[in-house]
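The values are calculated or read from the model by the stated rules, or taken from the named source; none is laboratory data. Because the structure is a prediction, the values reported are computed rather than measured. Backbone-built Cβ (ideal geometry, glycine too); neighbour counts: all protein chains shown.
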Amino acid sequence: MSTITTKAFVMNSFPWKERHRLLHLLTPGLGLITVLAPASERLRSEIRGATQLFSLSEFTLTEKQSRYAVRTASVIESFIAIAEDLDRLAAASHAAEVFLDVAKHDEPNRETFDLWAYSLYEISVSPEPVFISRMAAFRLMVDIGLKPCLESCVRCGGTADREPFCFSFSEGGLLCGQEDFRKSQAEWTSLTAGTVALLRYVASAPYKRLFRFFASPEIRSEASGFADRWLEERMEKRYRRLAILDQRPDIFFS
Ligand SMILES: [Zn+2]
């Protein structure tokens, strides 16, 4: 049995066998790991804050044959604003589901940890947490190689820099004005120059500046539709955590 100390984000937490909990932790060095939080009363009260969903904490874990258990843990940052706001909570839940899906199948990857850290922070402070969540998921797609061709025409490599920008989801990129759209009219989506510029920025900006953009409501709406469709088609899965925001009573809109 060995002991490991690591920073980690709590991505998921659920009851396990009577009184224990299982946590999914995203770590910088080990990637996504599943960790048992034993049910001892003493430990439970000691680590309660550190094991809250979306907390960033420092964990000391015991490891035996790739099975991890919490020995001690202390909170670094609890991102309390996320638990207190339905938009932020839905936004963080959506992004967490995407990051979990990716991290489950990926080698441990420091970049994924860093992108999650910047994204979660921004979700906790931004006036547009849901949009931040969608852009974070889009950037994650780009970083794992599921990048749309936004710089040039996906068919001929020629320049695609004039409105209307025509994007083909089936081909995964922009189509230039020379392409014959009539045969495939049903399958391209029109994007404004502002949306294309924003998507190019989010696909390539350093994480530190990733969310330092301005986007009008129109651009946010178009980019959201694009990011959701790109995510779901590339991951071959429906993501429904944001749907809760469409179902709440009007009283919550103000
Ligand atoms: Zn072309």
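Taking every residue in segment 146-168 that is modelled with pLDDT of 95 or more and pairing it with any residue that is more than 10 Å from the ligand (Cβ to nearest atom) and part of a loop (DSSP other than H, G, I, E, B), at least 6 positions away or on another chain, the pairs with Cβ-Cβ distances below 7 Å are Pro148/Gly172; Cys149/Gly172. Looking only at residues of segment 79-88 that are without any contact (Cβ under 8 Å) to a residue 60 or more places away in the chain and touching a helix residue (DSSP H, G or I) at 6+ places or on another chain (Cβ under 6 Å), we find that the one that is nearest to Gln52 (Cα to Cα) is Phe79.
When Glu179, Glu107, Glu171 are checked against the criterion of being surrounded by fewer than 22 Cβ atoms within 10 Å (Cβ to Cβ) and in contact (Cβ under 8 Å) with a residue 60 or more places away in the chain, a single residue qualifies: Glu107.
Report whether or not Ala197 is under 22 Å from Arg240 (Cα atoms), of a type outside the set (Val, Ile, Thr), away from the ligand (no atom under 13 Å from the Cβ) and surrounded by 14 or more Cβ atoms within 10 Å (Cβ to Cβ). Spelling it out, it is not the case that Ala197 is under 22 Å from Arg240 (Cα atoms), of a type outside the set (Val, Ile, Thr), away from the ligand (no atom under 13 Å from the Cβ) and surrounded by 14 or more Cβ atoms within 10 Å (Cβ to Cβ). The set of residues from segment 69-94 being assigned to a strand (DSSP E or B) and crowded, with 21+ Cβ neighbours inside 10 Å comprises Val70, Ala73. Residues of segment 1-38 that are surrounded by 16 or more Cβ atoms within 10 Å (Cβ to Cβ) and among the hydroxyl-bearing types (Ser, Thr, Tyr): Thr6, Ser13, Thr27. Among the candidates Glu122, Glu179, Glu111, Glu187, the residue that is within 16 Å of the ligand (Cβ to nearest atom), over 19 Å from Arg234 (Cα atoms) and charged (D, E, K, R) is uniquely Glu179. The set of residues in segment 131-165 being within 10 Å of the ligand (Cβ to nearest atom), assigned to a strand (DSSP E or B) and buried (at least 17 other Cβ atoms within 10 Å of the Cβ) consists of Cys153 alone. Flag: Leu174 does not match the condition of being on the phi < 0 side of the Ramachandran plot, more than 16 Å from the ligand (Cβ to nearest atom) and not assigned by TED's automatic domain parsing to the domain that holds Leu26.
The number of residues in segment 117-130 that are among the hydroxyl-bearing types (Ser, Thr, Tyr) and in a loop (DSSP other than H, G, I, E, B) comes to 1.
May I ask you to list pairs of residues, at least six apart or on different chains, whose Cβ atoms are under 7 Å apart, with the first in segment 40-61 being at negative phi and the second being part of a helix (DSSP H, G or I) and at pLDDT below 90? Hits for this filter: Ser55/Gly49. Suppose we filter Arg220, Arg234, Arg212, Arg229 for residues that are modelled with pLDDT of 95 or more, exposed (fewer than 12 other Cβ atoms within 10 Å of the Cβ) and in the same structural domain as Ser133 (by TED's automatic domain parsing); which single one remains? Just a single option satisfies the conditions, and that option is Arg212.
For Thr62, the criteria (1) under 30 Å from Ile144 (Cβ atoms); (2) touching a Phe, Trp or Tyr at 6+ places or on another chain (Cβ under 8 Å); (3) among the hydroxyl-bearing types (Ser, Thr, Tyr) hold in every case but one, which is (1).
Just one of the listed residues (Leu100, Leu25, Leu56, Leu32) is over 24 Å from Val125 (Cα atoms), in contact with a strand residue (DSSP E or B) (Cβ under 6 Å, 6 or more places away or on another chain) and modelled with pLDDT of 95 or more, and it is Leu32. Any residue at all in segment 153-164 that is charged (D, E, K, R) and closer than 12 Å to Trp230 by Cα? Within segment 153-164, not a single residue is charged (D, E, K, R) and closer than 12 Å to Trp230 by Cα.
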